[in-house]
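Peer 1: Attaching a single structure in C-alpha cells format; questions to follow.
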Amino acid sequence: MGLSFSGSQPPVVVLKADDLSFAPDTLLSERWLRFVRFVEERGVRASIGVIGNRLEEADEAALSFVRSLAEGGRFEFWNHGYTHGKE
Ligand SMILES: [Zn+2]
C-alpha cells in the first residue's frame, strides 16, 4: 500500500505537528530538531502547534530561531492554547 495520485503534479505534502518544545542548549528539543531537519531535507512544509506558556519560558535565542523558521516560508506556527491539557 502507498500513496497514489494521478496527473503530472506530485501531491502536496504538509506535515502537521503540535507541542513544540524547547531546550536550553539546543534551542529546540532534540526530537524537534530532527523534525525540522527532516522537513528541510525532504523539501516539504510543516505546520507546528505552539503552547503559549512554553513560549513564555523559552529564551530569546530559541524564539529567534522559531521566527527564522517562520520567515523562511517552510514552517508555519499556530496557537495550540496557552496551556496544554488540564493545567
Ligand atoms: Zn498537543
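The values are calculated or read from the model by the stated rules, or taken from the named source; none is laboratory data. Only a predicted model underlies this, so the values are computations on that prediction, with no experimental measurement involved. Cβ atoms come from the backbone with ideal geometry, glycine included; neighbour counts cover every protein chain shown.
Peer 1: Can you tell me which residues in the range 70-84 are surrounded by 13 or more Cβ atoms within 10 Å (Cβ to Cβ) and not hydrophobic (A, V, I, L, M, F, W, C)?
Peer 2: Arg74, Glu76, His80, Gly81, His84, listed by residue number.
Peer 1: Still on this structure: May I ask you to list pairs of residues, at least six apart or on different chains, whose Cβ atoms are under 7 Å apart, with the first in the range 15-35 being closer than 16 Å to Asn79 by Cβ and the second being part of a loop (DSSP other than H, G, I, E, B)?
Peer 2: Asp18/His80; Asp19/Ile51; Asp19/His80; Asp19/His84; Ser21/Ser29
Peer 1: Can you spot a residue in the range 8-27 that is of a type in the set (Gly, Ala, Ser), at positive phi, loosely packed, with under 10 Cβ neighbours inside 10 Å and away from the ligand (no atom under 16 Å from the Cβ)? Give the steps one after another, and end with the answer.
Peer 2: The initial filter retains those residues of the range 8-27 that are of a type in the set (Gly, Ala, Ser), namely 8, 17, 21, 23.
Those left that are additionally at positive phi: none.
There is no residue in the range 8-27 that is of a type in the set (Gly, Ala, Ser), at positive phi, loosely packed, with under 10 Cβ neighbours inside 10 Å and away from the ligand (no atom under 16 Å from the Cβ).
Peer 1: Tell me, please, whether a residue that is β-branched (Val, Ile, Thr) and in contact with a Ser or Thr (Cβ under 9 Å, 6 or more places away or on another chain) can be found in the range 68-84.
Peer 2: Here is the first cut: in the range 68-84, the residues β-branched (Val, Ile, Thr) are 83.
The next check asks that each one be in contact with a Ser or Thr (Cβ under 9 Å, 6 or more places away or on another chain); those that pass are none.
No, there is no match, as no residue in the range 68-84 is β-branched (Val, Ile, Thr) and in contact with a Ser or Thr (Cβ under 9 Å, 6 or more places away or on another chain).
Peer 1: Let me ask something else. Mind counting the residues in the range 36-69 that are surrounded by 13 or more Cβ atoms within 10 Å (Cβ to Cβ), farther than 15 Å from Phe22 by Cβ and more than 16 Å from the ligand (Cβ to nearest atom)?
Peer 2: 4
Peer 1: List the residue pairs whose Cβ atoms are under 6 Å apart, where the first residue sits in the range 1-14 and is under 16 Å from Arg42 (Cβ atoms), the second is modelled with pLDDT under 80 and surrounded by 10 or more Cβ atoms within 10 Å (Cβ to Cβ), and the two are 6 or more positions apart or on different chains.
Peer 2: From residues that are under 16 Å from Arg42 (Cβ atoms), there are no pairs.
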